[in-house]
Amino acid sequence: MDRSKTHYEDDHLMFGEALKSFLAKEVVPHQEKWAEDGIVPREIWQKAGEQGFLLPWADEKYGGAGAKDFRFEQIITEELANINETGLMIPLHSATCAPYLNTFGTDEQKQRYMPKCVSGETILAIAMTEPDAGSDLNSMRSHAKDCGDHFLLNGSKVFISNGINADLVIVAAKTSSEKRHTIGLFLVETGMDGFERGKKLKKIGLHSQDTAELFFTDVKVPKENILGHPEKGFYQMMEMLAHERLSVACTGVSGAQAALKWTVDYVRERKAFGKPIAAFQNTRFKLAELKTQIDATQAYIDQCVHALNANQLTAEEAAQAKLLATETQGKVVDECLQLFGGNGYMMEYPISRAYVDARVQRIYAGTSEIMKEIISRSMNLT
Ligand SMILES: Cc1cc2nc3c(=O)[nH]c(=O)nc-3n(C[C@H](O)[C@H](O)[C@H](O)COP(=O)(O)OP(=O)(O)OC[C@H]3O[C@@H](n4cnc5c(N)ncnc54)[C@H](O)[C@@H]3O)c2cc1C
């Protein structure tokens, strides 16, 4: 199946080609440096914004292209995977955080923030996880007290992607200590008194990604910065997690496709016992298996993308997509690295970076175990 004919239309392919050229010119030459720095420079966000690669779905009145079709987000994950760039988290900004603003924001909030999210002047992050609350979000300790014209926000968050670069962070905090699931989402801006960032966290992968801890001490968040209902943030997060999980699933299957491509090229060239590695039956069978698994996964993800476009994607289906794509990606990068032999363990080969970067895909945006919980709950098993 040629997805360029069966799944994409000309507009998506042109967008993908333009992004490919942009990444080749503006990102690829700097990837080593960014990985060493542990962060991408802010300017790259603005360059991406100028070219229309951020929030392509946003309304024209906010500077977007009004392209309300998740296939544009999907093709972004494919082009980023092709160059093995995981730190420049355009999907997090465009397909995870900004849809919160668009879905729950007031007209005034959208007017205030969306244009700069589209242009890349404002970089977004979302902060739910805490040192003692990851899978079990309801046990978060961050809290926000209603003080009339503002909320007083206290607490800390950990593992926050784009944590250093972010200008605007969607922060989840409890708004009642008595009632379960009573959480609000607060729009916290750089420069608000009491909002501080910790160091960039040292990770085994995603080296150019500025994952960080965030601290909030008596931050006065004005009422106009509440996103949605101050007591319904938990349900708002659940609603949007399907979006986020499909985006991670797209990244997962795109990463698997890219790893397979690099490996096919490698086994054709590399020789052992007088013949290319590709000539061994083990290599051919392994790659045939991986290709079959990837293509089946891709078909399901593409189906979910169409379902999302039609507003039909359920939380369970998004969980299945994330589980399938990220588990497949994990298996693919592991088996592909094996076919690279010792070279696969060397940082100069892309498969080594893909291997460590893929590992977190089964953890963030909800672990594989949590995905299985969500899926099994819908099966009326008990
Ligand atoms: C690089 C990176 C970037 C991240 N970016 C962000 C971000 O931008 N914003 C944000 O808010 N968070 C972010 N996270 C946090 C991420 O979403 C959490 O790490 C994840 O949800 C898991 O939570 P935890 O780490 O507390 O693990 P825990 O919840 O402590 O889980 C530990 C283990 O127990 C298992 N487990 C837990 N509950 C159950 C259960 N009910 N049944 C079976 N098994 C269970 C888990 O599956 C896991 O295997 C990021 C994490 C990383 C590593």
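The values are calculated or read from the model by the stated rules, or taken from the named source; none is laboratory data. Model, not experiment: these values are computed from the prediction. No Cβ is skipped: glycine too gets one built from the backbone with ideal geometry, and neighbour counts run over all protein chains shown.
At a glance:
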quantity	calculated
Lone qualifier among Gly341, Gly366 - being on the phi > 0 side of the Ramachandran plot and within 12 Å of the ligand (Cβ to nearest atom)	Gly366
Set Thr314, Thr292, Thr326, Thr283: member being within 30 Å of Glu373 (Cβ to Cβ), among the hydroxyl-bearing types (Ser, Thr, Tyr) and buried (at least 17 other Cβ atoms within 10 Å of the Cβ)	Thr326
Given (1) part of a helix (DSSP H, G or I); (2) closer than 24 Å to Thr211 by Cβ, index of the condition Glu317 fails	(2)
Of all residues making up region 192-207, the number that are within 13 Å of the ligand (Cβ to nearest atom) and within 23 Å of Gly148 (Cβ to Cβ)	0
Among (1) crowded, with 19+ Cβ neighbours inside 10 Å; (2) closer than 27 Å to Gly87 by Cα; (3) more than 13 Å from the ligand (Cβ to nearest atom), the one test that Val219 misses	(2)
Close pairs (7 angstrom Cβ cut-off, 6 or more residues apart or separate chains): part of a helix (DSSP H, G or I) in region 44-60, aliphatic (A, V, I, L, M) anywhere	Ile44/Val27; Ile44/Leu88; Trp45/Ile123; Ala48/Leu54; Ala48/Ile90; Gly49/Val118
Answer residue from region 173-191, given it is under 25 Å from Pro115 (Cβ atoms) and among the hydrophobic types (A, V, I, L, M, F, W, C) and is nearest to the ligand (Cβ to nearest atom) among those	Leu185
Options Ala127, Ala133, Ala98: the member that is within 16 Å of the ligand (Cβ to nearest atom) and touching a Lys or Arg at 6+ places or on another chain (Cβ under 6 Å)	Ala127
Some residue of region 104-123 being within 16 Å of the ligand (Cβ to nearest atom) and within 29 Å of Ser352 (Cα to Cα)	yes
Any hit, region 103-119, residues being assigned by TED's automatic domain parsing to the domain that holds Asp167, acidic (Asp, Glu) and surrounded by fewer than 19 Cβ atoms within 10 Å (Cβ to Cβ)	no
Candidates Ala18, Ala48, filtered to the one that is crowded, with 17+ Cβ neighbours inside 10 Å, of a type in the set (A, V, I, L, M) and either touching a Lys or Arg at 6+ places or on another chain (Cβ under 8 Å) or closer than 30 Å to Gly163 by Cβ (or both)	Ala48
Test for Asp357: is it acidic (Asp, Glu), in contact with a Ser or Thr (Cβ under 9 Å, 6 or more places away or on another chain) and within 26 Å of Ser208 (Cβ to Cβ)	yes
Criterion: in the same structural domain as His243 (by TED's automatic domain parsing), in contact (Cβ under 8 Å) with a residue 12 or more places away in the chain and over 16 Å from the mean Cα position of the chain (by Cα) - qualifying residue of Ala321, Ala315, Ala325	Ala315
Unique match (being at positive phi and aliphatic (A, V, I, L, M)) among Leu55, Leu101	Leu55
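This table checks each residue for (1) within 14 Å of the ligand (Cβ to nearest atom); (2) under 24 Å from Ser161 (Cα atoms); (3) surrounded by fewer than 17 Cβ atoms within 10 Å (Cβ to Cβ).
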{"residue": "Val333", "(1), (2), (3)": "no, yes, no"}
{"residue": "Leu337", "(1), (2), (3)": "no, no, no"}
{"residue": "Arg353", "(1), (2), (3)": "no, yes, no"}
{"residue": "Gln361", "(1), (2), (3)": "yes, yes, no"}
{"residue": "Ile370", "(1), (2), (3)": "yes, yes, no"}
{"residue": "Ser378", "(1), (2), (3)": "no, no, yes"}
